[in-house]
Amino acid sequence: MAFGRFQTSLLASAVNVYALGILSYAFNHLRFRAQALPRAISLHPNMAYQNVINEANYYTNCHQQWKATVSILKRLWAKASSSAIFLSMLSLALLQISSAIETGLAFKLSLIALVFSGSGLIASTINICLGPDDGINGYLLEWTGASDSLQRKGSLSFWFSLVSPMVSVVWGVIFNISAILAIIWTPEGETAPNGARSGKAVNSASGILLTALIVGNLFQTLQLLRIVRKCSTPPK
C-alpha cells in the first residue's frame, strides 16, 4: 500500500514537471473548495429540516463553483486554441526555412513544435466542443471527487485533460524558440568534421524525441477522448 502511494506520488510529480507546474496551479485554484461542505448532518428528528437546508446549500455552492470553473477553463481553452493556430503556422514557416538552409536540428525542432501546437489545437477543440458545460453532469461529479488530491485514483488524468491544451501550447512556444535559435546558430557548426559528428548525434537524439512525443501526444489525445466519453454520460 505504501509503495503504491509512493508510485502514485512519483507519477504525479513527473506529470507536473512535464506540465511545467500548470497542473498543480490549476488544481490549487480551480478545485472544489472543502469549506463548501455542509455542516454535519444530525440524526435527530427535529433537525430534519435543517439537514435538507444544509444539503441544498451544499449542492448550490458546488454548482456555483463549477459554473465559475467552467467559465475560466473555456476562456483558457479559447486562448490556447488561438495560440496553437498561430504557433502551427510559425512551425510550418520554420520547417520551410530549416529545409531550405538544410539544418536538420532546426527541422526536427520545428516538427516537435508543430506536434505540440497541433496537439494543443486538437485538445482545446475537443474540450470546447465536447468537454464540460456548467450543468450538473458527470464532469461535475468527477470534478468534486478529483478535488481531494492529485494522488486520488483518476484525479491526475482528469486534471491533466483540463490543462493539456495550455501545456501543449507552452511546449510549442519553447520548441519554436529552440528552432529559431538552431536556425541562427547551426550553419557554422556543421562545416567542421567535429561539428558534423556532434550535429548527427543531436539530430539522432531529436529524432528519437520526436517519435516519442508523437506517440505520447497520440496517447494524450486518446485519454482525453476517454475522459470526455466517461464524464459526458449523464449521472444515474
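The values are calculated or read from the model by the stated rules, or taken from the named source; none is laboratory data. Because the structure is predicted, anything quoted here is derived from the model rather than measured. Cβ sites come from the backbone with ideal geometry, for glycine too, and all protein chains shown count toward neighbours.
Checking N57, N16, N61 one by one, the residue that is in a helix (DSSP H, G or I), within 26 Å of V167 (Cβ to Cβ) and at pLDDT 60 or above is N16 and no other.
Rundown of residues vs (1) free of Cβ contacts under 8 Å to residues at least 24 places away in the same chain; (2) farther than 15 Å from L162 by Cβ; (3) surrounded by 24 or more Cβ atoms within 10 Å (Cβ to Cβ), yes/no style:
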| position | (1), (2), (3) |
| --- | --- |
| A93 | yes, yes, no |
| S98 | no, yes, no |
| I101 | no, yes, no |
| A106 | no, yes, yes |
| G118 | no, yes, no |
| I122 | no, no, no |
| L140 | no, no, yes |
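Looking only at segment 94-113, decide whether some residue is over 20 Å from the mean Cα position of the chain (by Cα), part of a helix (DSSP H, G or I) and among the β-branched types (V, I, T). Checked against the condition, which is being over 20 Å from the mean Cα position of the chain (by Cα), part of a helix (DSSP H, G or I) and among the β-branched types (V, I, T), segment 94-113 yields at least one hit.
Per the listing S88, S71, the residue uniquely assigned to a helix (DSSP H, G or I), in contact with a helix residue (DSSP H, G or I) (Cβ under 7 Å, 6 or more places away or on another chain) and not aromatic (F, W, Y) is S88. Taken over segment 63-87, residues that are free of Cβ contacts under 8 Å to residues at least 60 places away in the same chain and either within 18 Å of A123 (Cβ to Cβ) or of a type in the set (F, W, Y) (or both) amount to 8. Within segment 20-40, residues that are among the polar types (S, T, N, Q) have Cβ atoms under 8 Å from residues that are modelled with pLDDT under 90 in these pairs: S24/N16; S24/L150, counting only partners at least 6 apart in sequence or on another chain.
The condition of being closer than 23 Å to L20 by Cβ, modelled with pLDDT under 95 and under 16 Å from the mean Cα position of the chain (by Cα) holds for only one of L76, L150, L162, that being L150.
Consider N51 carefully, then state whether it is modelled with pLDDT under 80 and farther than 23 Å from S71 by Cβ.
yes
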